[in-house]
Amino acid sequence: MINKRKVLKNKALLLGVTGGVAAYKSVELVRRLIDGGASVSVIMTEAAQKFVTPLSLEIASLNTVHTDLYSHPMAHITLPAHADFMVIAPATANLIGKFAHGLADDLLSTCLLAFRGKVLIAPSMNWRMYTNPVVQENLASLLSRGVVQVGPEEGRLACGEEGPGRMSEVPDIVAAVESALAKKDLANERILVTAGPTREYIDHVRFISNRSSGKMGYAVARAALRRGADVTLISGSTSLHRPQGVNFIPVETAEDMLRKVREEIPSSTVLVMAAAVADFMPGEKSPGKIAKKYGLLLNLVRTPDILMEISREKRRPFLVGFAAETGEKVGNAKKKLKEKKLDLIVFNDVTEPGAGFDVDTNKVILIDSKEQKKLPLLSKDEVADAILDRITEIKA
Ligand code: CTP
(Lines give C-alpha, C1' and ligand atoms only; values in the text may rest on other atoms or scores of the structure.)
Protein backbone atom coordinates (compact mmCIF):
# COMPACT_ATOMS: atom_id res chain seq x y z
CA MET A 1 0.00 0.00 0.00
CA ILE A 2 1.32 3.39 -1.03
CA ASN A 3 0.51 5.52 2.04
CA LYS A 4 2.71 3.50 4.42
CA ARG A 5 4.82 5.58 6.76
CA LYS A 6 8.32 4.60 7.77
CA VAL A 7 7.68 4.72 11.47
CA LEU A 8 4.61 2.42 11.51
CA LYS A 9 5.87 -0.02 8.89
CA ASN A 10 5.99 -3.60 10.24
CA LYS A 11 5.22 -2.49 13.80
CA ALA A 12 3.02 -4.84 15.87
CA LEU A 13 0.51 -2.78 17.82
CA LEU A 14 -1.75 -3.98 20.60
CA LEU A 15 -4.88 -1.82 20.86
CA GLY A 16 -6.99 -1.90 23.98
CA VAL A 17 -10.57 -0.68 23.59
CA THR A 18 -12.47 0.14 26.78
CA GLY A 19 -16.12 1.03 27.38
CA GLY A 20 -16.44 4.66 26.38
CA VAL A 21 -18.81 6.18 23.88
CA ALA A 22 -15.78 7.03 21.70
CA ALA A 23 -15.19 3.29 21.17
CA TYR A 24 -16.77 3.62 17.72
CA LYS A 25 -13.73 5.67 16.65
CA SER A 26 -11.48 2.68 17.35
CA VAL A 27 -12.64 1.02 14.10
CA GLU A 28 -11.32 3.98 12.08
CA LEU A 29 -8.18 4.11 14.26
CA VAL A 30 -7.38 0.47 13.44
CA ARG A 31 -7.79 1.17 9.70
CA ARG A 32 -5.49 4.20 9.76
CA LEU A 33 -2.81 2.33 11.74
CA ILE A 34 -2.95 -0.54 9.23
CA ASP A 35 -2.80 1.97 6.35
CA GLY A 36 0.43 3.22 7.92
CA GLY A 37 1.91 -0.28 7.62
CA ALA A 38 1.35 -1.59 11.19
CA SER A 39 -0.35 -4.84 12.20
CA VAL A 40 -2.96 -4.42 14.92
CA SER A 41 -4.28 -6.91 17.49
CA VAL A 42 -7.28 -5.72 19.46
CA ILE A 43 -8.27 -6.45 23.05
CA MET A 44 -11.76 -5.36 24.11
CA THR A 45 -13.06 -5.06 27.64
CA GLU A 46 -16.54 -6.35 28.42
CA ALA A 47 -17.89 -2.77 28.57
CA ALA A 48 -16.33 -1.89 25.20
CA GLN A 49 -18.44 -4.60 23.58
CA LYS A 50 -21.58 -2.69 24.58
CA PHE A 51 -20.46 0.18 22.31
CA VAL A 52 -18.87 -1.60 19.35
CA THR A 53 -18.87 -5.25 18.30
CA PRO A 54 -15.78 -7.46 18.20
CA LEU A 55 -16.81 -8.34 14.64
CA SER A 56 -16.36 -4.73 13.45
CA LEU A 57 -12.87 -4.61 14.92
CA GLU A 58 -12.08 -8.08 13.60
CA ILE A 59 -12.94 -6.91 10.08
CA ALA A 60 -11.00 -3.66 10.48
CA SER A 61 -7.89 -5.33 11.95
CA LEU A 62 -8.05 -8.51 9.81
CA ASN A 63 -7.17 -10.22 13.08
CA THR A 64 -8.84 -12.15 15.89
CA VAL A 65 -10.22 -9.81 18.56
CA HIS A 66 -9.41 -10.88 22.13
CA THR A 67 -11.98 -10.41 24.87
CA ASP A 68 -11.49 -13.10 27.47
CA LEU A 69 -8.66 -13.66 29.95
CA TYR A 70 -9.38 -17.36 30.16
CA SER A 71 -10.06 -18.47 26.58
CA HIS A 72 -6.31 -18.84 25.93
CA PRO A 73 -4.59 -19.31 29.29
CA MET A 74 -1.34 -17.63 28.16
CA ALA A 75 -2.83 -14.82 26.03
CA HIS A 76 -2.04 -12.18 28.69
CA ILE A 77 1.65 -13.06 28.28
CA THR A 78 1.92 -13.91 24.57
CA LEU A 79 -0.06 -10.90 23.27
CA PRO A 80 2.15 -8.27 25.00
CA ALA A 81 5.30 -10.30 24.25
CA HIS A 82 4.63 -9.99 20.51
CA ALA A 83 3.73 -6.27 20.57
CA ASP A 84 6.03 -3.30 19.91
CA PHE A 85 3.62 -0.74 21.35
CA MET A 86 0.30 -0.61 23.22
CA VAL A 87 -2.46 1.93 22.62
CA ILE A 88 -5.56 2.28 24.81
CA ALA A 89 -8.26 4.20 22.94
CA PRO A 90 -10.65 5.06 24.40
CA ALA A 91 -9.18 4.87 27.91
CA THR A 92 -11.91 5.19 30.56
CA ALA A 93 -11.41 6.51 34.09
CA ASN A 94 -11.77 2.92 35.29
CA LEU A 95 -8.96 1.60 33.05
CA ILE A 96 -6.72 4.56 33.98
CA GLY A 97 -7.36 3.89 37.69
CA LYS A 98 -6.68 0.17 37.37
CA PHE A 99 -3.48 0.70 35.35
CA ALA A 100 -2.19 3.38 37.75
CA HIS A 101 -2.64 1.03 40.71
CA GLY A 102 -1.46 -2.19 39.10
CA LEU A 103 -4.82 -3.94 39.17
CA ALA A 104 -5.28 -6.81 36.75
CA ASP A 105 -8.72 -8.40 36.64
CA ASP A 106 -9.37 -8.84 32.93
CA LEU A 107 -7.38 -9.50 29.75
CA LEU A 108 -6.56 -5.86 28.96
CA SER A 109 -5.42 -4.80 32.44
CA THR A 110 -3.39 -8.02 32.76
CA CYS A 111 -1.70 -7.42 29.38
CA LEU A 112 -0.84 -3.88 30.45
CA LEU A 113 1.04 -5.20 33.47
CA ALA A 114 2.83 -7.85 31.41
CA PHE A 115 3.85 -5.41 28.65
CA ARG A 116 7.40 -4.06 28.78
CA GLY A 117 7.20 -1.45 25.97
CA LYS A 118 5.70 2.03 25.63
CA VAL A 119 1.98 2.62 26.22
CA LEU A 120 -0.16 5.46 24.87
CA ILE A 121 -3.56 6.28 26.35
CA ALA A 122 -6.34 8.39 24.82
CA PRO A 123 -8.68 9.29 27.71
CA SER A 124 -12.40 9.63 27.08
CA MET A 125 -14.96 10.53 29.71
CA ASN A 126 -17.31 13.22 31.04
CA TRP A 127 -15.51 16.42 32.08
CA ARG A 128 -16.57 16.04 35.73
CA MET A 129 -14.86 12.65 35.81
CA TYR A 130 -11.80 13.89 33.90
CA THR A 131 -11.23 16.85 36.21
CA ASN A 132 -11.78 14.78 39.36
CA PRO A 133 -8.52 14.97 41.36
CA VAL A 134 -8.35 11.20 41.70
CA VAL A 135 -8.37 10.75 37.89
CA GLN A 136 -5.79 13.53 37.51
CA GLU A 137 -3.57 11.88 40.15
CA ASN A 138 -3.84 8.52 38.41
CA LEU A 139 -2.90 10.14 35.09
CA ALA A 140 0.03 11.98 36.66
CA SER A 141 1.25 8.72 38.15
CA LEU A 142 1.06 6.97 34.75
CA LEU A 143 2.82 9.86 32.96
CA SER A 144 5.60 9.84 35.55
CA ARG A 145 6.20 6.20 34.60
CA GLY A 146 6.59 7.00 30.89
CA VAL A 147 3.03 6.42 29.68
CA VAL A 148 2.16 8.83 26.86
CA GLN A 149 -1.18 10.65 26.92
CA VAL A 150 -2.98 12.11 23.90
CA GLY A 151 -5.99 14.35 24.51
CA PRO A 152 -8.66 14.62 25.61
CA GLU A 153 -10.09 17.52 23.62
CA GLU A 154 -12.36 20.25 24.94
CA GLY A 155 -15.75 20.34 23.34
CA ARG A 156 -19.25 19.00 23.28
CA LEU A 157 -19.45 15.67 25.09
CA ALA A 158 -21.81 12.76 24.45
CA CYS A 159 -23.94 13.83 27.45
CA GLY A 160 -24.53 17.22 25.80
CA GLU A 161 -22.25 19.10 28.20
CA GLU A 162 -19.15 21.04 27.18
CA GLY A 163 -15.71 20.48 28.66
CA PRO A 164 -12.49 18.48 28.49
CA GLY A 165 -13.13 14.77 27.97
CA ARG A 166 -13.67 14.12 24.26
CA MET A 167 -11.29 11.52 22.95
CA SER A 168 -8.77 12.95 20.46
CA GLU A 169 -9.58 12.60 16.78
CA VAL A 170 -8.14 9.58 14.97
CA PRO A 171 -5.44 11.50 12.99
CA ASP A 172 -4.14 12.99 16.26
CA ILE A 173 -4.00 9.56 17.93
CA VAL A 174 -2.15 8.11 14.91
CA ALA A 175 0.27 11.07 14.97
CA ALA A 176 0.85 10.53 18.71
CA VAL A 177 1.59 6.82 18.14
CA GLU A 178 4.03 7.72 15.36
CA SER A 179 5.63 10.40 17.50
CA ALA A 180 6.10 8.00 20.41
CA LEU A 181 7.75 5.46 18.07
CA ALA A 182 9.89 7.91 16.07
CA LYS A 183 13.50 8.82 16.62
CA LYS A 184 13.83 12.42 17.91
CA ASP A 185 16.65 13.49 15.61
CA LEU A 186 15.18 16.99 15.06
CA ALA A 187 14.81 17.90 18.73
CA ASN A 188 17.12 20.91 18.30
CA GLU A 189 15.40 22.31 15.20
CA ARG A 190 12.73 24.97 14.91
CA ILE A 191 11.15 24.30 11.55
CA LEU A 192 8.94 26.80 9.76
CA VAL A 193 6.75 25.21 7.07
CA THR A 194 4.48 27.01 4.61
CA ALA A 195 1.72 25.05 2.90
CA GLY A 196 -1.31 25.34 0.67
CA PRO A 197 -2.35 27.95 -1.86
CA THR A 198 -2.57 31.70 -1.42
CA ARG A 199 -5.68 33.68 -2.40
CA GLU A 200 -5.26 36.95 -4.23
CA TYR A 201 -8.42 39.03 -3.96
CA ILE A 202 -10.07 40.68 -6.98
CA ASP A 203 -12.90 42.15 -4.91
CA HIS A 204 -14.62 41.37 -1.62
CA VAL A 205 -15.86 37.93 -2.74
CA ARG A 206 -13.64 36.80 -5.62
CA PHE A 207 -10.05 35.68 -5.62
CA ILE A 208 -7.41 34.01 -7.80
CA SER A 209 -5.88 30.86 -6.37
CA ASN A 210 -4.41 27.54 -7.51
CA ARG A 211 -4.90 23.80 -7.19
CA SER A 212 -2.59 23.20 -4.23
CA SER A 213 -4.17 21.02 -1.51
CA GLY A 214 -1.45 21.68 1.08
CA LYS A 215 -0.88 17.94 1.58
CA MET A 216 2.90 18.01 1.01
CA GLY A 217 3.52 20.88 3.44
CA TYR A 218 1.26 19.38 6.11
CA ALA A 219 3.12 16.06 5.72
CA VAL A 220 6.44 17.89 6.32
CA ALA A 221 4.98 19.60 9.41
CA ARG A 222 3.69 16.27 10.82
CA ALA A 223 6.98 14.46 10.12
CA ALA A 224 9.04 17.26 11.73
CA LEU A 225 6.76 17.20 14.79
CA ARG A 226 7.02 13.47 15.31
CA ARG A 227 10.82 13.71 14.96
CA GLY A 228 10.91 16.17 17.85
CA ALA A 229 11.16 19.56 16.11
CA ASP A 230 9.40 22.67 17.23
CA VAL A 231 7.11 23.34 14.24
CA THR A 232 5.32 26.43 12.98
CA LEU A 233 2.93 25.92 10.08
CA ILE A 234 1.90 28.95 8.04
CA SER A 235 -0.98 27.74 5.94
CA GLY A 236 -3.11 29.04 3.13
CA SER A 237 -6.72 27.88 3.05
CA THR A 238 -6.95 24.05 2.96
CA SER A 239 -9.43 21.42 4.09
CA LEU A 240 -6.75 19.47 5.96
CA HIS A 241 -6.75 18.45 9.61
CA ARG A 242 -4.57 20.84 11.63
CA PRO A 243 -1.76 18.76 13.19
CA GLN A 244 -1.94 18.84 16.99
CA GLY A 245 1.16 20.40 18.52
CA VAL A 246 2.10 22.83 15.72
CA ASN A 247 2.11 26.56 16.12
CA PHE A 248 -0.54 27.17 13.43
CA ILE A 249 -0.76 30.49 11.57
CA PRO A 250 -3.51 30.80 8.96
CA VAL A 251 -2.96 33.26 6.10
CA GLU A 252 -4.68 34.13 2.85
CA THR A 253 -2.57 36.23 0.52
CA ALA A 254 1.08 36.08 -0.58
CA GLU A 255 1.66 39.40 1.18
CA ASP A 256 0.18 38.01 4.44
CA MET A 257 2.36 34.95 4.09
CA LEU A 258 5.50 37.04 3.58
CA ARG A 259 4.68 39.13 6.66
CA LYS A 260 4.17 36.05 8.85
CA VAL A 261 7.26 34.29 7.46
CA ARG A 262 9.35 37.38 8.24
CA GLU A 263 8.01 37.39 11.83
CA GLU A 264 8.92 33.75 12.34
CA ILE A 265 12.31 33.71 10.59
CA PRO A 266 14.38 35.02 13.54
CA SER A 267 13.30 32.03 15.64
CA SER A 268 13.57 29.38 12.89
CA THR A 269 16.48 27.14 11.95
CA VAL A 270 14.86 25.81 8.76
CA LEU A 271 12.27 27.20 6.34
CA VAL A 272 10.46 24.68 4.12
CA MET A 273 8.50 26.68 1.51
CA ALA A 274 5.99 24.08 0.37
CA ALA A 275 3.26 26.68 -0.21
CA ALA A 276 2.02 27.28 -3.72
CA VAL A 277 2.31 31.03 -3.55
CA ALA A 278 0.35 32.72 -6.33
CA ASP A 279 2.75 34.43 -8.73
CA PHE A 280 0.27 37.17 -9.62
CA MET A 281 -2.26 39.31 -7.77
CA PRO A 282 -4.71 41.94 -8.99
CA GLY A 283 -3.06 45.36 -9.21
CA GLU A 284 -5.82 46.80 -7.08
CA LYS A 285 -8.54 45.15 -5.02
CA SER A 286 -12.04 46.49 -5.53
CA PRO A 287 -13.57 47.21 -2.09
CA GLY A 288 -17.11 45.90 -2.80
CA LYS A 289 -18.35 43.22 -5.19
CA ILE A 290 -17.83 44.05 -8.86
CA ALA A 291 -21.17 43.72 -10.71
CA LYS A 292 -20.87 41.42 -13.72
CA LYS A 293 -22.65 43.83 -16.04
CA TYR A 294 -19.46 45.94 -16.11
CA GLY A 295 -17.35 43.04 -17.41
CA LEU A 296 -13.93 42.40 -15.93
CA LEU A 297 -10.46 43.07 -17.22
CA LEU A 298 -7.78 42.16 -14.70
CA ASN A 299 -4.53 43.99 -14.34
CA LEU A 300 -2.22 41.51 -12.61
CA VAL A 301 1.05 42.34 -10.91
CA ARG A 302 3.72 40.07 -9.38
CA THR A 303 3.39 38.95 -5.78
CA PRO A 304 6.45 39.21 -3.55
CA ASP A 305 8.79 36.23 -3.97
CA ILE A 306 8.97 35.07 -0.36
CA LEU A 307 11.96 32.76 -0.76
CA MET A 308 13.88 35.37 -2.69
CA GLU A 309 13.18 37.99 -0.02
CA ILE A 310 14.27 35.69 2.82
CA SER A 311 17.35 34.47 0.97
CA ARG A 312 18.57 38.09 0.83
CA GLU A 313 18.45 38.47 4.61
CA LYS A 314 21.73 38.43 6.53
CA ARG A 315 20.60 35.93 9.14
CA ARG A 316 18.75 33.32 7.14
CA PRO A 317 17.78 29.81 8.14
CA PHE A 318 18.41 26.67 6.07
CA LEU A 319 16.20 27.26 3.02
CA VAL A 320 14.20 24.57 1.23
CA GLY A 321 12.19 25.40 -1.88
CA PHE A 322 9.91 23.39 -4.14
CA ALA A 323 9.91 23.46 -7.91
CA ALA A 324 6.64 22.25 -9.36
CA GLU A 325 7.24 21.87 -13.08
CA THR A 326 5.28 20.45 -15.98
CA GLY A 327 7.70 17.98 -17.56
CA GLU A 328 11.15 16.73 -16.47
CA LYS A 329 12.64 20.23 -16.39
CA VAL A 330 15.26 19.54 -13.73
CA GLY A 331 17.35 22.39 -15.19
CA ASN A 332 14.67 24.89 -14.09
CA ALA A 333 14.84 23.59 -10.54
CA LYS A 334 18.64 23.90 -10.50
CA LYS A 335 18.29 27.48 -11.75
CA LYS A 336 15.87 28.27 -8.90
CA LEU A 337 18.24 26.65 -6.40
CA LYS A 338 20.96 29.09 -7.48
CA GLU A 339 18.81 32.19 -8.05
CA LYS A 340 17.01 31.91 -4.69
CA LYS A 341 20.25 30.79 -2.94
CA LEU A 342 18.53 27.71 -1.55
CA ASP A 343 20.19 24.92 0.41
CA LEU A 344 17.86 22.32 -1.08
CA ILE A 345 15.14 22.21 -3.73
CA VAL A 346 12.48 19.55 -4.13
CA PHE A 347 11.69 19.04 -7.79
CA ASN A 348 8.49 17.40 -8.91
CA ASP A 349 6.83 17.02 -12.26
CA VAL A 350 3.14 17.71 -11.59
CA THR A 351 2.11 15.97 -14.83
CA GLU A 352 3.53 12.59 -13.63
CA PRO A 353 0.89 10.06 -12.49
CA GLY A 354 0.72 10.14 -8.67
CA ALA A 355 2.76 13.34 -8.36
CA GLY A 356 0.23 16.06 -9.13
CA PHE A 357 -2.22 18.03 -7.04
CA ASP A 358 -4.45 16.69 -4.29
CA VAL A 359 -2.98 13.15 -4.27
CA ASP A 360 -1.37 11.39 -1.30
CA THR A 361 1.76 10.45 -3.23
CA ASN A 362 4.64 12.29 -4.82
CA LYS A 363 7.65 11.53 -6.99
CA VAL A 364 10.47 13.98 -6.36
CA ILE A 365 14.13 14.69 -6.99
CA LEU A 366 16.03 16.28 -4.09
CA ILE A 367 18.62 18.67 -5.47
CA ASP A 368 21.32 20.55 -3.60
CA SER A 369 24.63 22.03 -4.69
CA LYS A 370 26.40 18.67 -4.38
CA GLU A 371 23.89 15.96 -5.12
CA GLN A 372 20.76 15.03 -7.04
CA LYS A 373 18.71 12.27 -5.41
CA LYS A 374 15.83 10.77 -7.41
CA LEU A 375 13.21 9.08 -5.24
CA PRO A 376 10.60 6.55 -6.40
CA LEU A 377 6.84 7.15 -6.13
CA LEU A 378 6.26 7.43 -2.37
CA SER A 379 3.55 8.58 0.00
CA LYS A 380 3.81 12.29 0.85
CA ASP A 381 4.58 11.22 4.43
CA GLU A 382 7.58 9.24 3.18
CA VAL A 383 8.69 12.11 0.92
CA ALA A 384 8.47 14.42 3.95
CA ASP A 385 10.78 12.12 5.94
CA ALA A 386 13.20 11.94 2.98
CA ILE A 387 13.32 15.75 2.78
CA LEU A 388 14.00 15.99 6.53
CA ASP A 389 16.65 13.23 6.27
CA ARG A 390 18.41 15.20 3.52
CA ILE A 391 18.22 18.44 5.54
CA THR A 392 19.92 16.72 8.50
CA GLU A 393 22.58 15.18 6.20
CA ILE A 394 23.43 18.53 4.60
CA LYS A 395 23.41 20.37 7.93
CA ALA A 396 25.66 17.75 9.61
N1 CTP B 1 7.71 30.91 -3.99
C2 CTP B 1 7.78 32.00 -3.14
N3 CTP B 1 7.14 33.16 -3.45
C4 CTP B 1 6.47 33.27 -4.62
C5 CTP B 1 6.40 32.17 -5.51
C6 CTP B 1 7.04 31.00 -5.14
O7 CTP B 1 8.41 31.90 -2.08
N8 CTP B 1 5.85 34.40 -4.91
C9 CTP B 1 8.42 29.68 -3.61
C10 CTP B 1 7.52 28.45 -3.60
O11 CTP B 1 6.96 28.23 -2.34
C12 CTP B 1 8.51 27.35 -3.97
C13 CTP B 1 9.54 28.03 -4.83
O14 CTP B 1 9.39 29.42 -4.57
O15 CTP B 1 9.16 26.82 -2.83
C16 CTP B 1 9.41 27.79 -6.29
O17 CTP B 1 8.16 28.16 -6.78
P18 CTP B 1 7.71 27.95 -8.31
O19 CTP B 1 6.36 28.51 -8.45
O20 CTP B 1 7.95 26.57 -8.77
O21 CTP B 1 8.75 28.79 -9.07
P22 CTP B 1 8.83 30.28 -9.41
O23 CTP B 1 10.09 30.75 -8.75
O24 CTP B 1 7.57 30.96 -9.03
O25 CTP B 1 9.08 30.26 -10.95
P26 CTP B 1 8.10 29.93 -12.19
O27 CTP B 1 6.69 30.10 -11.73
O28 CTP B 1 8.54 30.91 -13.18
O29 CTP B 1 8.41 28.51 -12.59
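In degrees, nearest 10, range 0 to 90: what is the angle between the Cα axis of helix 254-264 and the longest Cα principal axis of the chain?
On a 0 to 90 degree scale, this one is about 60.
Decide, for the chain, between rounded, prolate and oblate: order the square roots of the alpha carbon gyration tensor eigenvalues as a ≥ b ≥ c, take rounded if a/c falls under 1.5, and otherwise choose prolate if a/b is larger than b/c, else oblate.
The shape class here is prolate.
List the pairs from LYS183/LYS338; LYS9/LYS118; LYS25/LYS118 whose alpha-carbon separation is above 25 Å, in the order I gave them.
Table pairs above 25 Å Cα-Cα are LYS183/LYS338.
Which of the trypsin sites (Lys or Arg not before Pro) found in segment 294-396 are in a DSSP loop and have at most 11 neighbouring Cβ atoms, other than their own, within 10 Å?
Passing both the DSSP loop test and the Cβ count: ARG312, LYS314, ARG315, LYS370.
So, for the chain, what is the accessible surface per residue at a probe of 1.4 Å, expressed in square angstrom?
Ligands and nucleic acids excluded, the figure is 47 Å² per residue.
Need one number: % antiparallel among DSSP beta bridges in segment 190-395, to the nearest 5.
Counting only bridges with both partners in segment 190-395, antiparallel ones make up about 35 percent.
Need the full-extension length gain, LYS118 to LYS395, defined as separation in residues times 0.36 nm minus the C-alpha distance. One decimal, nm.
Full extension from LYS118 to LYS395 adds 96.6 nm.
Under 8 Å for C-alpha pairs, at least 6 residues apart: give me the relative contact order for the chain, rounded to a whole percent.
After rounding, I find 12 percent.
Which listed residue (ASN126, ALA175, VAL150) has the Cα farthest towards the positive end of the charge dipole for segment 126-232, taking +1 on Lys and Arg C-beta and -1 on Asp and Glu C-beta about the Cα centre?
Projecting each Cα onto the dipole axis, the largest value belongs to ALA175.
Please return the longest range in the chain lying between exposed loop sites, taking GluC sites (Glu not before Pro), DSSP loop only, at most 14 other beta-carbon atoms within 10 Å, and leaving the sites out.
162-283
Label-point separation (nm) for ASN247 and TYR24, each offset 7 Å from Cα along Cα-to-Cβ?
3.8 nm
Kindly state, to the nearest 0.05, the FRET efficiency for THR78 paired with GLU58, given R0 = 25 Å and r defined as their beta-carbon distance.
That pair, THR78 with GLU58, gives E of 0.85.
Relative to the Cα centre, what is the charge dipole magnitude of segment 12-181, using +1 at the beta carbon of each Lys and Arg, -1 at the beta carbon of each Asp and Glu, and rounding to the nearest 20 debye?
180 debye
Mind checking segment 1-78 for chymotrypsin sites (Phe, Trp or Tyr not before Pro) that DSSP puts in a loop (not H, G, I, E or B) and that have at most 16 other Cβ atoms within 10 Å?
Within segment 1-78, the qualifying chymotrypsin sites (Phe, Trp or Tyr not before Pro) (loop, at most 16 other Cβ atoms within 10 Å) are TYR70.
With charges only on Cβ, +1 for K and R and -1 for D and E, what is the dipole size of the chain about its Cα centre, in debye, rounded to 20?
For this selection, approximately 1080 debye.
Which trypsin sites (Lys or Arg not before Pro) in segment 93-189 sit in a loop by DSSP (not H, G, I, E or B) and have at most 12 other Cβ atoms within 10 Å of their own Cβ?
When the trypsin sites (Lys or Arg not before Pro) of segment 93-189 are filtered for loop state and at most 12 Cβ neighbours within 10 Å, ARG116, ARG145, LYS183, LYS184 remain.
What is the distance, in nm, between label points placed 7 Å from the Cα along the Cα-to-Cβ direction at MET308 and at GLU154?
Between MET308 and GLU154, the simple spin-label model gives 4.4 nm.
Rounded to the nearest 10 degrees, what's the angle between the helix 215-226 long axis and the longest principal axis of the chain, both from Cα atoms, 0 to 90?
The helix 215-226 is inclined about 50 degrees to the chain.
What do you get for the angle between helix 330-339 and the principal long axis of the chain? Use alpha-carbon atoms, 0 to 90 degrees, nearest ten.
So the helix axis and the longest Cα principal axis differ by about 80 degrees.
Within the chain, what percent of beta bridges assigned by DSSP are antiparallel, to the nearest 5?
Here the antiparallel bridges make up roughly 30 percent for the chain.
Between ASN132 and VAL359, what is the FRET efficiency for a Förster distance of 41 Å, r being their Cβ-Cβ separation, to the nearest 0.05?
FRET efficiency, ASN132 to VAL359: 0.35.
So which lysines can LYS336 reach, going by Cα to Cα under 23 Å and dropping same-chain residues fewer than 8 places off?
Cross-link targets: LYS215, LYS260, LYS314, LYS363, LYS370, LYS373, LYS374, LYS380, LYS395.
Rank THR392, GLY196, LEU307 by how far each Cα sits towards the positive end of the charge dipole of segment 190-395 (+1 on Lys, Arg Cβ; -1 on Asp, Glu Cβ) and give me just the farthest.
Highest projection toward the positive end goes to LEU307.
As a test of the formula, what do you get for the chain when each DSSP H run with n ≥ 4 contributes -39,500 (n - 2.57) and the sum is divided by the residue count, at 222 nm and rounded to the nearest 500 deg cm²/dmol?
My calculation for the chain gives -9000 deg cm²/dmol from helical runs alone.
Could you work out the local net charge near LYS289, counting Lys and Arg as +1, Asp and Glu as -1, over the other residues with Cβ closer than 14 Å to its Cβ?
Local charge sum for LYS289: +3.
Using a probe of 1.4 angstrom, how much of the accessible area of segment 190-395 is carbon and sulfur, in percent?
Reported share for carbon and sulfur atoms: 50 percent.
Once you have the Cα-Cα distance between ARG316 and ALA140, take 0.36 nm times their residue separation minus that, and quote the gain in nm to one decimal.
Taking ARG316 through ALA140 to full extension adds about 59.3 nm, to one decimal.
Quick one: order MET74, MET125 from most to least accessible surface, probe 1.4 Å.
Solvent-accessible surface, decreasing: MET74, MET125.
Can you compute 3J(HN,Hα) from phi for each residue in segment 190-206, using the Karplus curve 6.51 cos²θ - 1.76 cosθ + 1.60 with θ = phi - 60°, rounded to whole Hz and x for Gly and Pro?
10, 9, 9, 10, 10, 8, x, x, 9, 10, 10, 6, 8, 8, 5, 10, 10
The values are calculated or read from the model by the stated rules, or taken from the named source; none is laboratory data. Please read these numbers as outputs of a predicted model, since none were measured by experiment. Cβ: placed from backbone, ideal geometry, glycine included. Neighbour counts: every protein chain shown. In case anyone asks, the SASA skips ligands and DNA or RNA and just uses the protein heavy atoms, side chains included. Shrake-Rupley method; radii C 1.70, N 1.55, O 1.52, S 1.80 Å.
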